[in-house]
Structure formats: structure tokens, C-alpha cells
1. By counting other Cβ atoms within 10 Å of each Cβ, how are E170, E314, E505 ranked from fewest to most?
2. What list do you get for T142, T103, T513, T535 if you sort them by fewest beta carbons within 10 Å?
3. Please compare each pair in K303/K360; K181/K213; K240/K296; K199/K273; K159/K303 to a cut-off of 29 Å on the Cα-Cα distance and tell me which ones are over it.
4. For region 301-389, place one equal point scatterer on every Cα, skip the solvent, and apply the Debye formula. What is log10 of I(q)/I(0) at q = 0.17, 0.18, 0.21, 0.22 Å⁻¹?
5. Assuming 0.36 nm per residue, please report the length gained on full extension of the stretch S348 to D489 beyond their Cα-Cα distance.
6. Along the Cα→Cβ direction, 7 angstrom out, place labels at E257 and E173. What is the inter-label distance in nm?
7. Stretched out fully, how many nm does the piece from V538 to K217 gain, at 0.36 nm a residue minus the Cα gap?
8. Distance in nm between label sites at I445 and E505, each 7 Å beyond Cα in the beta-carbon direction?
Amino acid sequence: MSTCHTSKPARRHETLHRACKYYAPSRFPRFQTTAHSATLPHLPRSPPMSTVSEVQQQANVDETQGAVAQATVANGGDLMPFSGHTRGILAIAYSPNGTLLATGSLDSTVRIWDANSGRQVDDAIHGHTQRVNSVSYSPDGTSVVSGSSDGTVRVWNAKDLTNTPAEIIEHTEGQLWHSVKFSPDGQLIAGGGSNGKLKVWYAREKTVKYEYKGNIKAFIWAVAWAPGTSRLATGCNDGKVRIYDPENPDVAVLLIEGHRGAINSVKYSPDGKLLASGSDDRTIRLWDAQTGTPVKSPFRGHKNWVTSVRWAPEGTRIVSGSADKTVRVWDVSRGQAIFKGALYGHDSGIWSVSYCPDGKSFASANSSNTPRVQVWDARTGDASLPLLSDTEHSALRKSPEAKYASGIISSEPGEMKAGASVTAIVWLPDGERFASVEEESLVRIWSAQTGRQIREITTQHEIISALSFSADGTKLAATSDDHTLLIFDMEKMQSLTRHLTGQHEAVYAVKLTPDGSRVYSGGKDKAVRVWDTRTGSVKHVLKAHTDAVCALSLAKDGS
């Protein structure tokens, strides 16, 4: 069983956003809607080792209404990663072994994700009171440092994120820490931010080693350590790159000028010989790290600010993210974008990119209030795994045999032939049919092969909040907002209504045992209840969660 900490299931008049937005047209059936329709954009094939190995789909989507969408999946995994940030993502960083991703957000939390499956690891990390602008792993992967607009820099135990409080190594009222980074040897932490503030702390002692006293009024947007040395580069809103040496911390040893806009990101090449910078002037520039002289012409292609740049581990490529909503990968030797130019996968400006240490993938994150983390195959430029936020999806499921996947795409509620605002999708065990729930009290059963509606179940109750089929597909359990448990006989199409005695708050999840004799429910009151489907009486109440229960899973034997 798992809990949901930030979201509530979709309710009347709430908008559901683009859960299947990026799938390509294919030969599979359309789920017709009223009004004019639009074919969904392309999601390229992802690599064999990724969670979603092959996805192709076609769906007709009313641009102002909702639709049921269907896809085929080959060698696919679970297509609905756990819910995540509730506001835009400002920072993203891979762990040293490439298995985890850390993200920082406008919602003031830090979250850790499994980079392969997209599942959130442990609970959201709370502590900051304002936006988290930067996150960075220590080289050994044991710590995560975060910088925030609340004036604090915090270091977290990466092995025990939720139970071990962060160590606050800096707290300056009114200071915005926009970029924090561990040094290559893990001994130091650098932080830069507003008012030209630049500090370095001892990572173990959590004390200040030195503070740069130079009279710099510019806002420091980015900091980067040079490999193998203690030199530190900063990118500022005055369009200049400054490089400092701890032996003489009060004066920049190198001042690099050339950009015509604020510098949002700086990053040394793996061998330390080159320094890349991305700017509001829409360009990426390379500099000789020792002399500060330009290397090659500026990399041009982005149509808006370049917000983040990162080197591939082998040093031959650079990935960049931009406010133009695209990611680009550049061949350093030629100064040109590869993969036919821009990579599309975000519906708002990208704030941060990160390269996996093994060089096989990179990730991007956008900063809107519909946050998305997208993982890309570094060899092909294909999107391999989208980590959807709470506001981007309500339901996305693969069939039991992994032949199909179904999801929802919705904007505003309204009349549709194939369903208005769809709030849930559940597959039947045979993998050939699935049920969709509309926001009132309508359940539709669909054929996955033909895309045609098989039957329709209309109830007299409030909004259906959760569905579950028995293992043999003969029973369907549904819970509604009026605290009613509905059991449907799928063969006779008869229903048995049971009132959930003692259930006084919204139910978000329901699960039938394989034999259909019991049903588990979880919801807003943080408890899991076990019900007898014949009598409607509660058998057990399980209390351990600290927040709403949004999902349930049972062992195959129902235990």
C-alpha cells in the first residue's frame, strides 16, 4: 500500500491535464469525441532498458473537453509514476551512481526519485519554507545539499531523508541561495545567490570556510567547481563569469565577458579545460577555463533564455534547457545541435537539466505549475520516461498483459460521446477491456481492440471515486463520494449497494480481493478498512499512515 501526500483525486469542475499528451499516431482505434479533434504529438520510442519501451497511440481530443486515450505497450512497466511536486521544478540532479534523481521545487520541497522507474523514493522532504532553487548530491551519494529563497542552505542525509532532520549550515534572512554545489572531493560546499553573496562551507563540520568579500552587486545565478582544483566559477545577472581561487578569495582571478544577458548556468567540462555558460541572450558559449578566451562561436538555436547547461561525462556533448520549452544536445566539436535540433517534451519553460553519470541518459525539468521531469535516452534523443506531476495526470494504466495502455486527456469538463472529464481508468483482468469513470456517476466499459463502448453503468450516487475488479472479472467494486460501496455483477449487470458504516470522509482507493468476498478502501481519513462485500460491515481498520491513502495493492492471494 502507498500513500499520497500532496494530491486529492479529481473532483467536480477540476481540470485534468494531458496524461497521454506525447504519444504518436498509430493504427489503433480512436475514442471519438464531439467537436473538432487533434492528433497527439509524437513521443519517440524509448530504449529497451527504460520503463516504457515502446508506446504508440492515437486519440481524438476535443481541445476544450476531455477524452479517453489508448496506447499499445511492448515490454512496458507501470506507466503512472507516483505523484510529485505540486508546483514548478527549479532544480534537478542525478545521484553519483545514476540511480536516483533529486528535485527541488517552488512547492518548498525536495523529492527523490528512482531514475529508472520514475517512482518517488520515500516521502517529500520538508524543511524549507520557500522555493528550493538548487539541489546537489555529494560525490559519495550520502548527502544532498539544497539552497532556498528562505535564506537557508541545508544538508540532508540521503540514506534517511525523512527521519533525519536537515542540518542548516546557513541561515541569512532576506538572502536567496540560488545555486549550491558540493566540491569534486566532497569536502566543501559552495553557495551563491542574491547581493553577490558567495560562500564556501566545510561539508563535514558544516561551518564557513570563507566568504568572498569582493564588491559584487550582481545576483549570482550559478556556481561550478573546476575538476581537480578548488577553483570556483560563478555566472551572474550582469552577463559576466567570474572565477575565484580560495587562496585569494576576495578578488576574482578571471573575469569573462561576452554574453549580452544574464548568465543562468555555468559548468566545467569533465577534464576542466573548458567552461560552458548559458545565458538570457539565448546562446551557449565555451571558454578556455585558464585564460577565459572564447572557444568556437556561440551555440545558437534556442528561441528564449538558456536556463541550464550540463556536460556529458565523456566531454563531447552538452545538453541545454531553455525557456523556449525545448532541450537541445550539442556536439561540442562542431558546435551544432544533434538529434535534428530541439527535443520536445515539456509544455512550459525548462529550468534545469542534468546528465546521468553513466552518460546513457539525461533529465530535464520545467518550472510551471504543471511540473514535469522528463528522462531522455542520450544515445537517440528519445524520451524514455516522463515523471508526471499531480496536476498532469489523474489516471494512466497499462493492461495486465502489457499489450495496451490507457490514459486520460482532459481540459475543461463538458459533453462528449466518449466521456466528459474522466477521473479514473481500470483494466479488467483479461486485458482486453477497461472501465472509465466520468466525473458524475457514469462508468463505461470499453473494448481495447476496437475502441468501442461495450456497456454503460449509470448509478444514482455521487461522484464515483474509485474502481476495482475481482480477479475473474465478474465483480466490480466502486466507491462514491456519498460513502457508498457499490458491487456490480458484470454478467447480470445487477448491483448490490452497501453503505460504508463508519466511513465519514472521502474514499480515494478501493481494491477487491481475488474471490470478491472482501474489499479494501483507503481515503482522506488516513485509514485502510476491510469490508465484507456481502454484508457491508467493516472487518478491520488499519491505522498507520500519516496522510491520505491514495492507492492500494494486494498480494495475489488477497492476503
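1. On the way: E170 21, E314 8, E505 12.
Placing the least packed residue first, the sequence is E314, E505, E170.
2. Working: T142 14, T103 26, T513 21, T535 10.
Arranged by neighbour count, lowest to highest, T142, T103, T513, T535 become T535, T142, T513, T103.
3. On the way: K303/K360 27 Å; K181/K213 19 Å; K240/K296 18 Å; K199/K273 24 Å; K159/K303 40 Å.
Table pairs above 29 Å Cα-Cα are K159/K303.
4. Each listed q corresponds, in turn, to -0.60, -0.68, -0.93, -1.03.
5. Numbers: separation 141, 0.36 × 141 = 50.76 nm, distance 4.51 nm.
So the extension gain works out to 46.2 nm.
6. Between E257 and E173, the label points sit 3.8 nm apart.
7. Working: separation 321, 0.36 × 321 = 115.56 nm, distance 6.53 nm.
Length gained between V538 and K217: 109.0 nm.
8. It works out to 3.4 nm between the two label points.
We did not get these values from a lab; they are worked out from the coordinates using the rules stated. Keep in mind the model is a prediction, meaning the values are calculated, not measured. Quick reminder, even Gly has a Cβ in these numbers, built from the backbone with ideal geometry, and neighbours come from all protein chains shown.
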